[in-house]
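The values are calculated or read from the model by the stated rules, or taken from the named source; none is laboratory data. For clarity, every value in this text was computed on a predicted model and none was experimentally measured. Note: ideal-geometry Cβ built from the backbone for every residue, glycine included; neighbour counts use all protein chains shown.
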């Protein structure tokens, strides 16, 4: 006698729903991966602060001599403006507040703790961010970097020049 | 007439449940990896290399030039100060 096996249609339906559920889960997972990776902006602030240091260093000192507009005959020019005289355009319409801070300290080599002259430009509020920026929790704050080098003026007076730069622009570089 | 085997159905269902758990586990692992990779989306100066600039630190170059102009006067003292400031 031929036995007929009835297909379990209910079970097939459940498997089909299950299959679609798995597809949705996989699709959701792939969406999540793409969203997380491509939703995170590239953080170029570290690059920016270092480029800013190099740019200011080139402006303040060239070929081992300090720019004669900064110090002339051993006298520092208090009217020297980092943004105008170094051709740095640090303000854009995109931001209400200035997103940069730059500071150049000149030290006598015999007293490297107290600067004899300082040039500063930008939003000085960013300076406070520099001390706590190492903590990952504060990655949304400004990025800071500094660098020092040695240079001479036209009278062969020796100076240590320390440049500090800070860039905020967190909204464009960190996922908020 | 025979009904299909209930034990077989339970086995198949269990396979699906285990497979789903494995799929979810793999997805979570991949999402976690993409979170870690997203954290690495930082470009530093070391990542930008051109043939002319490779391996050249502009500030060090300036210091060397100044030392040359000053005939290495007070070089040791200056390098020590710079070492402390750049530390």
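Among the residues in the range A:71-81, are any surrounded by 18 or more Cβ atoms within 10 Å (Cβ to Cβ), closer than 16 Å to residue A:160 by Cα and either at pLDDT 90 or above or within 14 Å of another protein chain (Cβ to nearest Cβ) (or both)?
Quick first cut of the range A:71-81, residues surrounded by 18 or more Cβ atoms within 10 Å (Cβ to Cβ) only: A:71, A:80.
Of the ones still in play, those that are also closer than 16 Å to residue A:160 by Cα are A:71.
Next, from what is left, pick out any that are either at pLDDT 90 or above or within 14 Å of another protein chain (Cβ to nearest Cβ) (or both): A:71.
Scanning the range A:71-81, I find at least one residue that is surrounded by 18 or more Cβ atoms within 10 Å (Cβ to Cβ), closer than 16 Å to residue A:160 by Cα and either at pLDDT 90 or above or within 14 Å of another protein chain (Cβ to nearest Cβ) (or both), so the answer is yes.
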| note | Here the residues within the range A:157-176 that are touching a helix residue (DSSP H, G or I) at 6+ places or on another chain (Cβ under 8 Å), at pLDDT below 90 and within 12 Å of chain B (Cβ to nearest Cβ) are A:173, A:175
| message | It is to be established whether one or more residues within the range A:69-90 are over 16 Å from the mean Cα position of the chain (by Cα), in a strand (DSSP E or B) and within 23 Å of residue B:64 (Cβ to Cβ). | response | yes
